[in-house]
Structures are given as C-alpha cells and as structure tokens.
Amino acid sequence: MPWDNSQMSRELLLNREWLVTNGLGGYASGTVSGAITRRYHGLLIAALAAPLGRMVMWSHVSEFLRFDDDDVVSLGGEERAGGKLDLQGADFLREFRLEDGLPVWTYRVRDLVLEKRVLLPHLQNTVHVSYRILEGAERPRLELRPAFHFRHHETPVNEGPTTPYKLAAVEGRYEITSARGRLPPLRMKLYDCESAFTIASANIRQVIYRTEQSRGYAHEGNLWSPGYFHVDLRQHDRATLVGSTEKWEIIEVLAPEAALALERERRARLLQNAIPEARNGVAAELVFAADQFVITPNGRFEEAARAHAAGDEVRTVIAGYHWFTDWGRDTMISLEGLTLVTGRSLEAGYILRTFADYVRDGLIPNMFPDREKGGLYHTADATLWFFHALGRYLERTNDWTTLKLLLPNLIDIVEHHLRGTKFNIHVDPDDGLLVQGEDGYQLTWMDAKMGDWVVTPRRGKAVEINALWYNALRLLASWLREMEDEAAKRYDEFAARAHDSFNNRFWFADGGYLYDVVDCNGERGTQDASCRPNQIFAISLEHPVLNPERWAFVIDLVQNKLLTPVGLRSLSPDDPEYKPIYSGDLRSRDGAYHQGTVWAWLIGPFIDAWLKVHPGDKTGARKFLEHFPACMNDNGIGTISEVFDAREPHHAGGCIAQAWSVAEVLRCWVKTA
C-alpha cells in the first residue's frame, strides 16, 4: 500500500486494518494510521487461560521523533473527544506492506527513512514492536509512550479497572500490574540499544473508538501511561520494544532479531509444506492468512491432557478476528482450505480428533465461549459438517487409523439423529428427513439472534440440513463398506429414503429452485419459498441429494439472483425482507446478517456446484474469484472479511478476517488453477 498524503484520503489509514496472531488465539491489530478504532485493537491481546480469556494487555504506543532543533514529529494517530483527530503520521508515511504476511511501515522524516515492524513470536503472548533506520544522516531521539487499559477484549472501552496501575522497574525490566491480582503483569523491555525510561504517568482521557461508535457501542474511554522510553538514534540504528505476559526467562530466550529470523523460517516452511499450486501469488498470501486461524487453544488443560495421553496435540480453528472463538461449524467447513490445501494434514487430524472428544448426545459443540472450558451444543449442522470434513481429510491422507478410531463416534451421531437428540433434532419417521428447531435457539448457520429475537429461525426441515444429512449417511455407509461392515446397508437405506423424500418435498416447480424449509415450525405441508443460497449444498457436497436433471436450474437461478463478485447474497433481492446494506447498530446489523448480506465463504460451494454443471471449465470458474485479490488490499489487509454489502460497491463488514472466507477462496483458487 504506497501512500501519497497529497493524493490519498486519510480515511484510508483509518479504514484499513492489520492483524498479527500468535497461534494461541491471541493477536495484535490496529489501523494502518496507528489509531485504535475498535475495542479489539491493541499491540497485545493475550490469550490467557480460562476464566480470563483474551485480554487487552497493551493498547497503544505513541511514537515521537525529537530532532536537535526541538522539532517533534508524531508517527502515529489517535482521536480524542471533540473531533480532535491526530493523524500527523500520515504526513510522513510512505508505504505500508505485508512482508511474508507481517506488517511493515516505512516513514520518511526529513532525510531519515525509518521502518517499523510488529511481530508476535509463535505460541507466545509476546509482541515485538521494532524500529530500524534504513537511511539518513540526521538522527533524532525516538520516544515511545506505551498506554494501557487492561480488560477483556469484549469489554466496552468505558469499563475496566478503576484502581491504579503499578509500575515496577529493575535493571531495564519493567512490569505493569493492575489491582486485579488475577491478571499477570505486562512485562516490558527495550532491546537492541541503550535507553532510558522517564516516569511521567498520565491518564489519556476521552480516546474515541470510531468503529465502536458506528456500531452503536460505547466508544469513549481512557488509557493510562506510566511514562516513556527514549533512545538516541545517533548511536543506534534499531530499537525493539517488547511487551509480554510470559515469564522473563521465556521473554529473554530470543533477541528480537533472532525471533524475526525464526518467524521468517516458520513462514517459509508454511509455503514449502503447502501443495504446489498454493506456493505462489495470491494463493501464497492466502496460506499466510490461513495460518492465523489454526491455533493451539491456551489453557484447556484437561483437553490437552487427554490428547497428550493419546500421543496427540490439541488444535482448533478461530472462526474470525477479532471477536469469534472456535466454532464447530466454521472449523469443519474451513478444515480443507486451512489445513489440507496448506499441507497441514497432521493438524487436520488433531482438529478432528479434538472435536470427536467433545461429542455429546450425538452433537459436536457449536462454539467454545472465550472464558470457559466447555462447549455449547446448540447447532443442527456443525455435526453433519464433521462428516464432510472427515471425508475431505481421508481423501487427502488415507488415514484409515483415524477413521477406525472415530467410527464409533460417527455411528453414535447418526443413531442419535435417527431417534432424536437435543433441540428437537430428529428424523421424521414419515419421510426420513431431518427436523430441527426449538424456541429461542438458532440452530442453522443463519444464526443471528438479539435478545429473544431469532431473525431467521428456519425451524422445520431446512434444505442444507437435509443435504448434509444425506451426505453424512452416504459417507458413513461407504466407510463401513470399506471395512466390510454389514451395517452399511442400513445407512444406505436411510439415505435412499431421505433422497426420495427430498426430491419430492423440496422442489419448487413454479420457481425452478428449492424451498428453503418445508414443514415449517412443525406444520406439515408448509413451505418457505425464500430464495436463499442454502439450496446450493444439494449439489455441491460429495454426495449431492438433488437429482442431476435439476442442477442447471438451481445454478442458473443462484447465479442470476444471488451471485456477486464477493460471494453469494443470503436472500434474493426480490424478497420483501431483503436488506442490501450491513451497517449500523447491532439490531440493524443482525436484521441484515442473513437477509441479503453477502457471505464470501459461499463462493466455495457455488464453484463446486457450478463445476458439476460445467465440468472441466476451470477458466470459467476462476472468474468468480477475480475480485478477491482486491479485497485483500482493503479492510483487513492480507485477508478476507466475513461479509459484504449486497449491492455495489460491496463494502466489507463483520470480522476483518474470517476463517471460512479465507479457506474457501484458497481452496477454490487452487481448484481452478
């Protein structure tokens, strides 16, 4: 991202965000300007063990260059109440870029060219903020003032510790603590140079978080700073300020330069291990983006003990940054793109076995709340996506040992669905189709809920739930046949009945597409004719439930009504409930979330289905992905957002980095190569 202050709007520096993760669920993130505009922004959001969860431990650093003539230049940005927006750094920024997926800023001040980098060493709650002189004879003093607001990353910016922070300093080591004694201290140290620290504590009041304001949340808060570090750049070409919740013996194992070299080595291996088609260009950028979501969850000690006893490791997938944790549905949909395309099949196995350990009453967890150890199970489709993910894994790895290990779980899942499990999830004995729905719960992927308002309840027999059910039955039957198990015939019979009923019940002849739900709210014979993308799964899955003679009709309709350059609309523009813009407060956003808003991940199943109708036309399929490289230079730089507006110019919304968006675009980019 080259920057020309005279030609470009400073708003770009506030709207484009960067993200660095640590493999634990922790992260650093902010705007290119340096201003913090979300409650989730900060230089270190540490992933701590439950009941703490992800904590904002280091919010901001103000950066100043002080020259001999007493001219002081600010490199960062911040916004205060009253509309005071300080983006002085925009006058000196020359370039922002990602280098192997890591953010780098280049500034020119007078004849000085200064480079800044942010790095989180892998599997540590540690951040390195590094500064290096590239050229210039004039050398100023660098002053760095860190600022803090210890709180959970979901806590509103106007809440948090009300008691004073404390600073302790011993021989160049600094520790900031809060009276909330259960939090670890934030340990800080300045490397690569001789430096001094001036104690000059300050309350930085009325910091404005403009994105929180636009989303209808508390948006004005305070930060606290103990003082500032200063380094004479006439004597040193580099300086790195390190912040960490780790112990000193961990922090000091690696000097910053060594940590950067090792991270570059790790990222080189990511590309080397990916399948050949994913090692260059856009696909390689997506490999780095995919790495941000695959994590070792911090603090699930019981889970780790079970895995270690079996010779395994615990792995899971963060559904999206900044606010999502690991979700079962997102994990299973994303597994192929995030791990199998990227050559991380070992970790794919860990993920599948990790979730298998959590099967309860025939269900895998819908999600794991951030501050808790257990999962929540209110989902009708995540468990069925588990079969799909396992199928993709086996096709790539032929790991029949894992299949044998998981087969009892798979049979248990299907049997629970046949006789009925939680949330009214059960097979209707009259037609063999899968029913789901219970008051107050949102069980499909269209799961927006605000208070008691479930926006798209879709109770009854939902189209994609039954496509997934049929696919799961066929997969289970095929795996049992591989093992010469006579039970395969039983599940084939259930699948055949579901297939016949599906084609009889879901085809909307007048519209030429599939009903979204039949037997709505348990009322037999009713249909929901909303034209939604959920019908695409009746074609896209490995075992498509829809009769082939109807595929082209569905594909043509979805292409005409739902397809955009950035994914599929969640509802046809012809529908009176259609809402094309995803913005505003929580109620407005949730009301539009699945009522028109475009979802990037749906481009994956659409391309799968399209290629079944147009086999071999990879060139035609690639055209559906042409806009995504441009998306990676906007909003969340180097990654793909969760959702987009349904009409041009398709502004991004939701999470700036979403696992299934990245996974499905990467998977299909490779598939259409």
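Brief remarks on what is shown
- Test: residue in segment 445-455 that is aromatic (F, W, Y), surrounded by fewer than 16 Cβ atoms within 10 Å (Cβ to Cβ) and not in a helix (DSSP H, G or I): yes
- Inter-residue pairs, beta-carbon under 7 Å, first among the aromatic types (F, W, Y) and in segment 17-32, second in a strand (DSSP E or B), 6+ apart: W18/S29; W18/G30; W18/P103; Y27/L19; Y27/V20; Y27/T21; Y27/I45; Y27/Y321
- Count of residues meeting criterion [over 31 Å from the mean Cα position of the chain (by Cα) and of a type in the set (S, T, N, Q)] in segment 521-553: 4
- Checked across segment 416-434, the condition of being more than 30 Å from D528 (Cβ to Cβ) and in contact with a Ser or Thr (Cβ under 9 Å, 6 or more places away or on another chain) holds for no residue.
- Any hit, segment 381-392, residues being surrounded by 16 or more Cβ atoms within 10 Å (Cβ to Cβ) and either part of a loop (DSSP other than H, G, I, E, B) or of a type in the set (V, I, T) (or both): yes
- Among the residues of segment 397-423, those that are assigned to a helix (DSSP H, G or I) and in contact (Cβ under 8 Å) with a residue 60 or more places away in the chain comprise W400, L403, K404, L407, L410, I411, V414, L418, K422.
- Count - residues of segment 122-158 that are in a loop (DSSP other than H, G, I, E, B) and farther than 24 Å from L19 by Cβ: 6
- Filter result for D556 (charged (D, E, K, R), in a helix (DSSP H, G or I) and under 19 Å from the mean Cα position of the chain (by Cα)): no
- Those residues of segment 541-573 which are of a type in the set (G, A, S), surrounded by fewer than 24 Cβ atoms within 10 Å (Cβ to Cβ) and within 16 Å of P605 (Cα to Cα), in sequence order: A552
- Residue within segment 496-512 that is touching a Ser or Thr at 6+ places or on another chain (Cβ under 9 Å) and surrounded by fewer than 21 Cβ atoms within 10 Å (Cβ to Cβ) present: no
- Of all residues in segment 445-472, those that are more than 13 Å from R505 (Cβ to Cβ) have Cβ atoms under 8 Å from Cβ atoms of residues that are aromatic (F, W, Y) and part of a helix (DSSP H, G or I), 6 or more apart or on another chain, in E464/F537; L468/W385; L468/F387; L468/F537; N471/F387; A472/F387.
- Condition check for A179: without any contact (Cβ under 8 Å) to a residue 40 or more places away in the chain, aliphatic (A, V, I, L, M) and either within 18 Å of L144 (Cα to Cα) or buried (at least 17 other Cβ atoms within 10 Å of the Cβ) (or both): no
- Among the numbered conditions (1) of a type in the set (S, T, Y); (2) surrounded by 17 or more Cβ atoms within 10 Å (Cβ to Cβ); (3) farther than 30 Å from L183 by Cα, the only one that S214 does not meet is (2).
- Only residues that are in a loop (DSSP other than H, G, I, E, B), acidic (D, E) and over 22 Å from W445 (Cβ atoms) were counted in segment 334-371, giving 1.
- Qualifying residue in segment 51-59 (condition: surrounded by fewer than 22 Cβ atoms within 10 Å (Cβ to Cβ), touching a helix residue (DSSP H, G or I) at 6+ places or on another chain (Cβ under 9 Å) and assigned to a loop (DSSP other than H, G, I, E, B)): no
- Of the residues making up segment 1-23, those that are touching a Ser or Thr at 6+ places or on another chain (Cβ under 6 Å), farther than 14 Å from A289 by Cα and either at pLDDT 95 or above or assigned to a strand (DSSP E or B) (or both) number 0.
- None of K116, K166 is modelled with pLDDT under 95 and assigned to a strand (DSSP E or B) except K166.
- Residues of segment 298-333 that turn out to be in contact (Cβ under 8 Å) with a residue 24 or more places away in the chain, assigned to a helix (DSSP H, G or I), surrounded by fewer than 24 Cβ atoms within 10 Å (Cβ to Cβ) and of a type in the set (A, V, I, L, M), as a count: 1
- Condition check for Y358: closer than 18 Å to E313 by Cβ, among the aromatic types (F, W, Y) and outside the structural domain of V517 (by TED's automatic domain parsing): yes
- Residue count, segment 586-620 (criterion: at positive phi and in contact (Cβ under 8 Å) with a residue 12 or more places away in the chain): 1
- Within segment 184-211, tally of residues that are under 21 Å from V72 (Cβ atoms), buried (at least 16 other Cβ atoms within 10 Å of the Cβ) and of a type outside the set (G, A, S): 5
- Filter result for V104 (at pLDDT below 95, in contact with an Asp or Glu (Cβ under 9 Å, 6 or more places away or on another chain) and either closer than 19 Å to R10 by Cβ or assigned to a strand (DSSP E or B) (or both)): no
- Residue within segment 432-440 that is among the small types (G, A, S), free of Cβ contacts under 8 Å to residues at least 12 places away in the same chain and more than 17 Å from V545 (Cβ to Cβ) present: no
- Some residue of segment 652-665 being hydrophobic (A, V, I, L, M, F, W, C) and assigned to a loop (DSSP other than H, G, I, E, B): yes
- Hits in segment 460-496 - residues which are over 34 Å from the mean Cα position of the chain (by Cα) and either outside the structural domain of V427 (by TED's automatic domain parsing) or acidic (D, E) (or both): E482, E484, D485, E486, D492, E493
The values are calculated or read from the model by the stated rules, or taken from the named source; none is laboratory data. The structure presented is a predicted model; accordingly, all values stated were derived computationally and were not measured. Every residue, glycine among them, receives a Cβ derived from its backbone with ideal geometry; neighbour counts consider all protein chains shown.
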